[in-house]
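The values are calculated or read from the model by the stated rules, or taken from the named source; none is laboratory data. These numbers come from a predicted model, not from an experiment. Backbone-built Cβ (ideal geometry, glycine too); neighbour counts: all protein chains shown. Protein only, heavy atoms only, side chains kept; ligands, DNA and RNA dropped before computing areas. Shrake-Rupley method; radii C 1.70, N 1.55, O 1.52, S 1.80 Å.
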Amino acid sequence: MDNRKMSRLRRWVREGIILVLLTLVVVWGVDLYRQPTLPASFSATPMQSIDGKMHDIAALSQERPLLIYVWATWCSICRYTTPAVNQLAEEGGNVVSIAMRSGDNAKLERWVEKKQLKMPVINDENGALSQEWQVSVTPTLVIVSKGNVVSTTTGWTSYWGLKIRMWWAGV
């Protein structure tokens, strides 16, 4: 390789690294801006899923990290994130989901059955819970360990992104 090609290659690598770093800073900033502010008592309130089972966040997050997935049937991005979260749940991942303003239990049950979701679904029919938690964006993913929030992110994420976040929270 001549010097011009080497110089051009170094410049592309340098610009690529700068682009990746800038992207990471922007993503981190957006997540920080849209991060929900959960009340101190959020993990102490048991919640009932549409199948009638009670879910205690503090208890579920004691042994291993818990993923709380806030989504909605009307959310276009959730269409791409929900299958990844559901796959994690099918594989035994510690997952609880909250459907925000997605209709009454009967309507939500039909939707869950149609999509063959295996994760517990808590119905936040009127949005009171998401408002209390200050969740303004769907999807929102909150990882809780031992009753404390350790990570939040909003928007699309991949299956492997979820796996890595859950692993990191458990380290």
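A few points about this structure:
- At full extension, ARG11 and ARG79 could sit 20.6 nm farther apart than now, given 0.36 nm per residue minus the alpha carbon distance.
- Of all DSSP-defined beta bridges confined to the chain, some 60% are antiparallel rather than parallel.
- Relative contact order of the range 1-145: 30 percent, from C-alpha pairs under 8 Å at least 6 residues apart in sequence.
- Approximate spin-label separation MET54-GLU113, in nm, with each point projected 7 Å along Cα-to-Cβ: 2.7 nm
- Here semi-axes √(5λ) of the Cα gyration tensor in Å was calculated from the structure, and among (i) 36, 17, 16; (ii) 33, 18, 15; (iii) 38, 25, 13 it sits at label (i).
- For GLN62, the shell of other residues with beta-carbons less than 14 Å away shows a net charge of 0, using +1 for Lys and Arg and -1 for Asp and Glu.
- Rolling a 1.4 Å probe over the protein heavy atoms of the range 1-126, with every protein chain left in place, gives an accessible area that is 56 percent carbon and sulfur.
- Length gained on full extension, TRP167 to THR45, computed as 0.36 nm times the residue gap minus the Cα-Cα distance: 41.4 nm.
- Anchor LYS163: lysines whose Cα lies under 28 Å away (excluding residues fewer than 8 positions away in-chain): LYS53, LYS114, LYS115, LYS118, LYS146
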